[in-house]
Every structure is written in structure tokens, then in C-alpha cells.
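Report on one structure; see the data block that follows.
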Amino acid sequence: MINISVIDDEPIFVEILVNEIYKYCSLLNIHANIDKFYNAYDIMENFKKYHLIFLDINMPFVDGLAIAKIINDSKKESEIPFFVFITSHDELVFDALKFFPYSFIRKTDITSTTCISELLIRVSNLIEKNGKTITIRTNRQDVVLRVSDIIYIEKYKNYSYIKTKLERYPVKSSLLSYEKLLSDYGFIRCHDGYIVSINNIYKISDKFILLTNNENIPMSRNKSKAVKEAFVKRSIFYNGQ
């Protein structure tokens, strides 16, 4: 699933673009959810939930370049979204380069070329390359995380805390729900209060696990056999590559 937003102050153009995106998603067998915005400020609360943002450069009140700068300054390095700037003014393309857009589309080309199809393929391949993503609800925001960035998840009182390479996110979902969700992606329960990514285990002792970020987390005696077996299996797999 690719989460997409389209931001443009022209409702007719928004409908045309959304229809084109859905058309190519259907042809490419890509599942997408598309949200529409007519004011760039409206996306600021939840921009982290999107993989891809189609953003008009030239809008009243606040333009796409200003919003791109705010989002780039707010997000962590490993976080998405990717930008696609849409414009009728070629001279604005050079101004947008500093904000690291993923691509450009001219408004006049929306229905006349395969640029959207090519773009969706590129983004889909990039998401697949970066691995599975999950959407979490944290601090009243939806945030898309790459599973490969998650080191461990800790249960504390009424919250689970997702620890990534750059951040710690509080969520209200149960540890059991994440154990079920992530079990096929190299995560294992090592303690009643912890789920850990096997790929981020550096060393295992009798009661603790040393992680690749130099943190130690506890390991229960009744979980140690399964964790050690999974760790050894992972090590054999990588050594055999």
C-alpha cells in the first residue's frame, strides 16, 4: 500500500490528477490510498503518514516550496515522504531543487505522458528496496516507519515504545499486536516487556542482549533458547551469502 497526498488549490486539477494516479495504480497492480488537500497547511499535522506527496509549487498563502522546506526540516533523515512537485512554471523547477524533490511533473503533461506510471514504479521499487513499512499513531500523528529502522519495542505501563535508529515513538498498541505484526520480519519476543529485531542483536549473554546501537535490553530465561537459536540462524544465513 502506498499512501499518497495531492496538494493543489485547483479542485478540478486535483480530481484529474487523482484519477490519473488511480488509473495507473490499477494498471500496475499497486494498491494506493490518496488524500486530497487544497491548502498546503492542512497536511502539516499528518505529513509523516504519506509515502508520496504531489505538491503544487505555486499556491496562494503558502507555496509548495515553503511547505517542502518545513517538512524537510521537521522529518528525520530515515523518514519519508518523497516529493513530486507539480507546476505550470518551468522557471520554478530550479528553485525547488534545493528541497530534494523526488520528481517533477508539468501540469500540461498529466494526461499526455506516462510520467505518472514511471513515477509510481520508481517509488514502489524504492519502498520495496527499503523494506516493509508500518504506519503508527504517535503523539496525535500518523507516522510511516520502515521496519528495517526499528531496533526494538518496549512495553512500559500503558504504552509501547518503538525504538528506531533515530527516535523513540510512544504508541498505545499492545506489544502482542506488534509481535504478531512483525514476527515474519525478524522480530522475536526476548522478554515479557520487549520485542527485538534479530538483525540488530550484536551479542547475547545470559540475561541481557547487547544491540548494535550499544544499548542493553533484558532477556528472560524462558525466552533465551528461542532468541539464541534465531540469532545463530541469522548469523549462519548472513555468513552464507
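Considering only the chain, what is the antiparallel percent among its DSSP beta bridges, to the nearest 5?
Of those bridges, close to 60 percent are antiparallel.
If one puts a single equal scatterer on every Cα of the range 105-241 and applies the Debye formula without solvent, what log₁₀ I(q)/I(0) results at q = 0.10, 0.13, 0.14 Å⁻¹?
Taking Cα atoms of the range 105-241 as identical point scatterers yields -0.42, -0.63, -0.70.
What full-extension length gain, to one decimal in nm, is calculated for residue 140 and residue 229 as 0.36 nm per residue of separation minus the Cα-Cα distance?
This chain segment gains 28.2 nm when fully extended.
Which whole-Hz couplings ³J(HN,Hα) result when phi for each residue of the range 13-22 is put into the Karplus expression 6.51 cos²θ - 1.76 cosθ + 1.60, θ = phi - 60°, listed in order with x for Gly and Pro?
Couplings: 5, 4, 5, 4, 5, 4, 4, 5, 4, 4 Hz.
Given R₀ = 35 Å, FRET efficiency for residue 168-residue 58 by Cβ-Cβ distance, to 0.05?
Result of the calculation: an efficiency of 0.35.
Report the relative contact order of the range 133-239, percent, no decimals, based on alpha-carbon pairs under 8 angstrom and at least 6 residues apart.
17
Longer than 22 Å from Cα to Cα, which of 69/163; 165/223; 23/180; 132/163; 203/233; 48/157 are they? Say none if no pair is.
Beyond 22 Å: 69/163; 165/223; 23/180; 48/157.
What would the Debye formula give as log10 I(q)/I(0) at q = 0.08, 0.09 Å⁻¹ for the alpha-carbon point model of the chain, no solvent?
Debye curve over Cα of the chain, log10 I(q)/I(0) at q = 0.08, 0.09 Å⁻¹: -0.39, -0.48.
So if we plug the beta-carbon distance of residue 205 and residue 36 into 1/(1 + (r/R0)^6) with R0 = 51 Å, what FRET efficiency do we get, rounded to 0.05?
0.45
Once fully extended, how much extra length lies between residue 29 and residue 66, figured as 0.36 nm per residue of separation less the alpha-carbon to alpha-carbon distance?
Taking 0.36 nm per residue and subtracting the Cα distance, the gain is 10.0 nm.
With a point put 7 Å past each Cα toward its Cβ, work out how far residue 128 is from residue 45 in nm, to one decimal.
For the pair residue 128/residue 45, the computed spacing is 3.6 nm.
Measure nothing but the geometry: give the 0 to 90° angle between the long axis through the Cα atoms of 115-130 and the longest principal axis through the Cα atoms of the chain, rounded to 10°.
On a 0 to 90 degree scale, this one is about 10.
If r is the Cβ-Cβ distance from residue 214 to residue 108 and R0 is 45 Å, what FRET efficiency results, to the nearest 0.05?
0.25
What is the extension gain from residue 22 to residue 1, computed as 0.36 nm multiplied by their sequence separation minus the C-alpha to C-alpha distance, in nm to one decimal?
6.3 nm
Where a number appears in this text, it was derived from the coordinates with a stated rule and is not lab data. Everything numeric here is computed off the predicted structure, so don't read it as measured data. Ideal geometry is used to build each Cβ from the backbone, glycine not excepted, and the neighbour counts take in all protein chains shown.
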